[in-house]
Amino acid sequence: PPVTALHNVKMGTDERGGPAYTVYDEPGPNSQPPIILEIGRAHEYLYHRVVLSTSPSASRACVVVLLHMPMGKISFTKLGDDRWTLFSPCEGTGLPWKCFYKDAMYSDVDGLFYLLLINASIVSLDLNGSSPVARMILDNVPGTGTRAKYLVQTPAGDFLQAWRLKDYVDSPTPVDIPQEYMDEEEGQDPYVELNTVDIEIYKVDLHGQKLELMKGLPDYALFLGFNASMCLPIKDFDGLKANCVYITDDSPEYVNLLKYNRREVGIWSMAEQSMFKLVDVSP
């Protein structure tokens, strides 16, 4: 369905009278003013993550889960639907969270979607019936901080959480930014890069309701970025390195705004706790 089939998005106009999308916040005492998105930029901001249960060409049972503005809300749709359905926890579900979802995945093992919250809690979401059934399966995780978080399942069926810490660093070589772009985007520094400085991998212990810090991934390689997170067995893929995390840039600030700054593409070694750049990647 189109973006205007989301519960909080309507067609409107920008300050110059041109067509734009208006994204509304939930009504309430702490609600924020609507966000106006130019149509040409809506795809950069509105959708955060898209997860499919299967290929739409392979099955009529395809379900799509969408993380979107504002603040990581969840909507879903099934093949043939003409609208998005908002995932809104209600009384009796035990789910106080209506937003701040950071990642999602689908498991072929049990046919369920899994949602990762900003505080590292995990929610299972069953969309196989006539109405959604959600359950908090991991809650009250201490010391979660503000790191970027990813949820991934190993081929053995275990859940992993990856926490990625990034920081601004000075580059000795500036990027070439056109002057007209510098005039439009205030605050862009050609000498500054946003780099990953730490990645921690945790195995999710649902029985003990805790996260266990892992020292390594001897049999697997992880892929993290704006796309779906993946965990692949190195024995099946020649060239992949064990104990490594292959990453791409997933900073909304850089991908959506600072388009001429360098993108971070590289391999994080869990053994050496450091990044190896593949090549110098142009914008």
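Listing for the model above:
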read-out: Restricting the stretch 77-88 to residues that are in a loop (DSSP other than H, G, I, E, B) and free of Cβ contacts under 8 Å to residues at least 60 places away in the same chain, the residue that is least open to solvent (accessible area, probe 1.4 Å); value: Phe87
read-out: Test for Tyr254: is it among the aromatic types (Phe, Trp, Tyr) and in contact with a Lys or Arg (Cβ under 8 Å, 6 or more places away or on another chain); value: yes
read-out: Residues being open to solvent by less than 50 Å² (accessible area, probe 1.4 Å) and either in contact (Cβ under 8 Å) with a residue 40 or more places away in the chain or of a type in the set (Asp, Glu) (or both) - total across the stretch 1-31; value: 7
read-out: Any hit, the stretch 246-266, residues being closer than 25 Å to Ser107 by Cβ, open to solvent by less than 40 Å² (accessible area, probe 1.4 Å) and free of Cβ contacts under 8 Å to residues at least 60 places away in the same chain; value: yes
read-out: Residue in the stretch 32-41 that is most open to solvent (accessible area, probe 1.4 Å), counting only those that are outside any helix (DSSP H, G or I) and not aliphatic (A, V, I, L, M); value: Gln32
read-out: Count - residues of the stretch 230-270 that are under 15 Å from Ile199 (Cβ atoms), in a loop (DSSP other than H, G, I, E, B) and either among the β-branched types (Val, Ile, Thr) or at pLDDT below 85 (or both); value: 3
read-out: From the options Ile122, Ile74, Ile39, Ile118, residue that is β-branched (Val, Ile, Thr) and at pLDDT below 90; value: Ile39
read-out: Breaking point among (1) open to solvent by 10 Å² or more (accessible area, probe 1.4 Å); (2) free of Cβ contacts under 8 Å to residues at least 60 places away in the same chain; (3) not in a loop (DSSP other than H, G, I, E, B), for Asn119; value: (3)
read-out: The stretch 48-76, residues that are free of Cβ contacts under 8 Å to residues at least 60 places away in the same chain, open to solvent by 10 Å² or more (accessible area, probe 1.4 Å) and in contact with a Cys (Cβ under 8 Å, 6 or more places away or on another chain); value: Leu52, Thr54, Ser55, Pro56, Met71
read-out: Index of the failed condition, Asn243 passing every other in (1) open to solvent by less than 70 Å² (accessible area, probe 1.4 Å); (2) among the polar types (S, T, N, Q); (3) in contact (Cβ under 8 Å) with a residue 40 or more places away in the chain; value: (3)
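Rundown of residues vs (1) crowded, with 18+ Cβ neighbours inside 10 Å; (2) modelled with pLDDT of 90 or more, yes/no style:
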| position | (1), (2) |
| --- | --- |
| Gly143 | no, no |
| Gly157 | no, yes |
| Trp163 | yes, yes |
| Val197 | no, yes |
| Ile201 | yes, yes |
| Asp205 | no, yes |
| Gln209 | no, yes |
| Gly216 | no, yes |
| Tyr220 | yes, yes |
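The values are calculated or read from the model by the stated rules, or taken from the named source; none is laboratory data. Not measured: the values here are computed from a predicted model. No Cβ is skipped: glycine too gets one built from the backbone with ideal geometry, and neighbour counts run over all protein chains shown. Heads up: the accessible areas ignore ligands, DNA and RNA and are worked out on the full protein's heavy atoms, side chains in. Shrake-Rupley method; radii C 1.70, N 1.55, O 1.52, S 1.80 Å.
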